[in-house]
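The next block holds one structure in the form of C-alpha cells; read it before the comments.
The values are calculated or read from the model by the stated rules, or taken from the named source; none is laboratory data. All figures in this text were calculated on a predicted structure; none of them were measured in a lab. All Cβ positions, glycine included, derive from the backbone under ideal geometry; neighbour counts span all protein chains shown. SASA here: full protein model, heavy atoms, side chains in, ligands and nucleic acids out. Shrake-Rupley method; radii C 1.70, N 1.55, O 1.52, S 1.80 Å.
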Amino acid sequence: IVGKTRRGKSAFLNTYLSQVGASDLAYIIDRYGSYGELARRRGGRLIPFSPDHRVCIGTMDGPLDSRHRQHIAMTLEEMSLAGVSGQRVTPDERTLIGNYVEDWALKGPLTLTLSDFSRYLDTLGDPFAARLRLLLGPYVGEGRYAPFVDGPNELGIGESELWIADIAGLEDFPDLQAVLIASLFTSLERHITRADLLHLKKILAADEVSFLLRNPQAAAFLRKLAVALARFFCSFILISQSMSDFLTDLGSAAVKMADTHIFFHLGRQELHEIAEVFKLPEHTVDTIVNLRRYEDCSECVVRYEEGEGGAGVMRVVPPPAFITAIGQSAAHRQARSFQLGSEA
C-alpha cells in the first residue's frame with residue numbers, strides 16, 4: 001500500500017480489517033496510533049508502548065532454534081546501530097554477532113535475557129565483543145530502554161483475534177522504535193507459524209517500516225518472512241509513504257512478490273522514481289496523480305497481478321466511527337476532542 005501521508009492508507013486498512021471474517025486473525029505493527037478504534041470495535045488487544053507504559057518484548061525469549069538465533073542477531077545489530085551517529089556494522093562484524101549468538105546458545109543459558117548475553121560478551125575478551133557490549137548498554141540492566149527489551153516476553157500475542165502493537169508513543173525515540181519492530185516481527189512470526197493455527201486465515205500488517213527495507217540483514221529476514229507466511233495462510237501487508245523504500249533490493253522484491261498493489265495519491269515526480277519498479281504504464285501514472293482525497297473518503301488505484309491481472313479506481317469509505325477516530329481534518333479533531341470530553 002503506497003501513498004503520501006494523510007491520503008487514506010491507514011483508513012483503508014482500518015476499513016478492510018473491520019470487515020474481514022470474525023474468525024480471521026489479524027496482527028498490526030502501528031507507528032502512528034491509527035488503529036485504536038479498530039481494536040475497540042473488534043474487541044482486540046491494543047498494546048500502547050510509551051515512556052509511561054513499558055511493555056517488555058523479551059528480545060532473547062524463545063526456543064533458540066536456528067531461525068530465532070537469526071532473529072536475535074538481526075535485533076542485536078539494530079541495537080548496535082541505534083542512537084550512535086555514523087555507527088556502522090561491517091559484514092565481518094555482522095558475522096561476528098551471529099557467531100556470538102550461536103556460541104551463547106550452545107552453552108545452554110539458564111535464562112534468556114539481554115543481561116545474560118551482555119555478561120557472556122564480557123567473558124570473550126575480544127575487542128568487538130567489548131564494543132558491542134558498550135553499544136548494547138542502553139538496552140541492558142538499568143539502561144533507559146531496558147524495561148522494553150531486557151526481560152520476559154509480555155506481549156500476550158494470541159490472546160485475542162486482533163492484536164495491535166502501537167508504538168506511536170515512542171515517536172521521540174526512533175532508535176527504540178526500530179529495535180521494537182525488529183523484535184515484534186520475531187515474536188509474531190513464531191506465533192503465526194504455529195501448527196495449531198495453520199487452518200486459520202491470518203493477516204500481518206506493518207505500517208511504515210522503512211528502516212527494515214534499508215537494513216540488509218533485516219531486509220533478508222523480511223524476504224524470507226514473506227515466503228514463510230504465505231505457506232501458513234497469512235497475508236502480509238506493507239504500508240509505505242517513502243518512495244525510496246521501493247528502490248532497495250527488498251522493496252523491489254516485495255513489489256514482485258505481492259499479488260496486489262494499492263496506490264493512493266502520489267506526485268508525478270515520485271511516481272517517475274518508482275514507475276520502472278512497479279512497471280507502471282503512463283495512463284496508470286496519470287490516474288494515480290489525479291486521485292482525490294475527500295473529507296470522509298479517499299480514492300486509490302488497486303492493481304491485481306494474479307491471473308490476467310487488472311486495475312481499477314476504488315473509493316475507500318470508512319464507517320463513520322473510523323472517520324471521527326482517525327480523520328485528519330480540523331472538524332475531525334474537534335469531534336474527537338468533544339467525544340473525549342463527553343466520555344470524561
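Expressed in Å, the radius of gyration and Dmax of the Cα atoms of the stretch 130-201 are 14.8, 46. Phe278 contributes about 10 Å² of solvent-accessible surface, heavy atoms of the protein only, 1.4 Å probe. Accessible surface area normalised per residue over the chain is 47 Å², counting heavy atoms of protein chains with a 1.4 Å rolling probe. I'd like the orientation of helix 114-124 relative to the chain: the angle between its Cα long axis and the longest Cα principal axis, in ° from 0 to 90, rounded to 10. It works out to around 40 degrees. Ranked from largest to smallest solvent-accessible area, with a 1.4 Å probe on the protein heavy atoms, Asp175, Asp52 come out as Asp52, Asp175. Stretched out straight at 0.36 nm per residue, the stretch from Val227 to Gln19 would grow longer than its current Cα-Cα span by 72.3 nm. Taking all protein chains together and rolling a 1.4 Å probe, Met314 ends up with roughly 70 Å² accessible.
In terms of solvent-accessible area of protein heavy atoms at a 1.4 angstrom probe, what is the ranking of Tyr294, Tyr32, highest value first? List each step's numbers first, then the result.
Numbers: Tyr294 75, Tyr32 120 Å².
From most accessible down to least: Tyr32, Tyr294.
The gain in end-to-end length when the Arg315 to Leu198 segment is fully stretched comes to 38.8 nm, 0.36 nm per residue minus the alpha carbon separation. Which residue, Leu134, Leu64, Leu38, has the most motion in a Gaussian network model of the chain that connects Cα atoms within less than 10 Å? Per the Cα network of the chain with a 10 Å cutoff, Leu134 tops the list. For Tyr139, the solvent-accessible surface with a 1.4 Å probe is about 0 Å², rounded to the nearest 10. Between the residues Tyr100, Leu64, Ser160, the greatest Cα displacement towards the positive end of the dipole of the chain, with unit charges on the Cβ of Lys, Arg, Asp and Glu, is found for Ser160. Could you tell me the calculated FRET efficiency between Arg144 and Leu247, based on Cβ-Cβ distance and R0 = 45 angstrom, to the nearest 0.05? The computed FRET efficiency comes out at 0.85. Binning the C-alpha pair distances of the stretch 34-145 at 5 Å intervals from 0 yields a P(r) profile of 2, 10, 20, 21, 17, 11, 9, 6, 4, 1, 0 %, listed from the shortest bin outward. Computed from label points 7 Å out along Cα-Cβ, the spacing between Lys107 and Leu134 is 2.1 nm. Shape analysis of the stretch 143-182 based on the Cα gyration tensor places the equivalent ellipsoid semi-axes at 20, 14, 7 Å, largest first. In the stretch 96-253, the ratio of gyration radius to Kirkwood radius, Rg to Rh, stands at 0.98 when only Cα atoms are counted. The calculated P(r) of the chain, using every Cα pair and 10 Å bins from 0, goes 5, 24, 32, 24, 12, 3, 0 in percent.
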